[in-house]
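Colleague: This is the structure I want to talk about, given as structure tokens.
The values are calculated or read from the model by the stated rules, or taken from the named source; none is laboratory data. As the structure is a prediction and not an experimental result, all values here were calculated from the model. Positions of Cβ are generated from backbone atoms using ideal geometry, with glycine treated the same way; all protein chains shown enter the neighbour counts.
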Amino acid sequence: MGPILEGLLKLQRIENRLRAVKTKLARSRRSVLFQENQLRTLQSALEAKQEEIKMTRLQADRLELELKERDTAIAKLRSQLNLARTNKEYSAILTELNTAKADVVKLENQILELMKNLETDQAACDEIQKQIEEQKAHVEQVRAEAERKAAEYQKEIDAIQAEWDEAARQIPKEVLDLFVRVAETYEGEAMAAIEQSDENSSYSCGGCFMGLPAEMVNVLTTKDELLRCPNCTRILYLKDIGFE
């Protein structure tokens with residue numbers, strides 16, 4: 001194998017290491033985002049429950065006002081009842097009074113039910129608030145740990161990047177540009193080994209598993225030449241002299 005393919009294989013090894021550490025760094029940062037999203041979910045739940053409490057209180061206040069109006073009406077009906085001059089008038093007022101009393105009982109039951117709901121919702125708010133405080137502490141803990149790991153990962157990334165830059169300087173610019181383009185397409189895997197079947201001695205690309213002509217193997221055996229898979233466009237190399 002010539003210096004170009006050897007240089008690309010070396011660069012591929014470094015590229016794999018570099019991307020692996022970058023993945024760890026991204027995962028560490030995502031862990032913070034995940035916990036922050038959990039916190040926002042709790043805060044949204046608290047806001048929704050508080051809004052529900054607000055609406056319940058408004059409804060209870062409206063019913064309380066209506067109850068006062070009914071009490072006033074009942075007091076007036078009682079006065080009218082005492083002043084009734086005929087049995088018919090007395091009976092009509094009494095019927096109206098009994099209806100008003102029934103409405104009052106209904107209002108009182110509705111208000112009582114709303115008060116129970118308020119107590120339940122307030123307890124739920126208190127529990128969510130407790131969870132929020134716990135989640136805030138957890139977020140800070142995760143963030144501190146992520147920042148510590150990020151510093152370590154970044155130091156490792158800088159060191160590997162220096163290796164990558166040094167290896168890249170040994171490769172012709174047009175070849176390096178090709179490697180970078182293919183690597184971006186396949187998440188760093190710009191190179192693919194040529195695989196050989198034991199059954200019929202046929203060859204295939206180790207990246208996409210499409211069949212390859214034997215002529216490609218012959219060329220790579222004798223020449224330091226860039227050959228790319230006609231299907232996936234990865235740069236091909238012979239596995240037995242590669243880095244596996």
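Colleague: Test each condition in (1) acidic (D, E); (2) outside any strand (DSSP E or B); (3) touching a residue at least 24 places away in the same chain (Cβ under 8 Å) for E140 and report the one that comes out false.
Modeller: Exception for E140: condition (3).
Colleague: Look through the stretch 59-100, keep the residues that are assigned to a loop (DSSP other than H, G, I, E, B) and either of a type outside the set (V, I, T) or at pLDDT 95 or above (or both), and return whichever of them is surrounded by the fewest Cβ atoms within 10 Å (Cβ to Cβ).
Modeller: My answer is R85.
Colleague: Given the criterion under 19 Å from A20 (Cα atoms), among the small types (G, A, S) and in contact (Cβ under 8 Å) with a residue 24 or more places away in the chain, identify the matching residue among A150, A159.
Modeller: It is A150.
Colleague: Select, from D126, D121, D103, the only residue that is modelled with pLDDT under 95 and assigned to a helix (DSSP H, G or I).
Modeller: One residue alone meets the criteria, D103.
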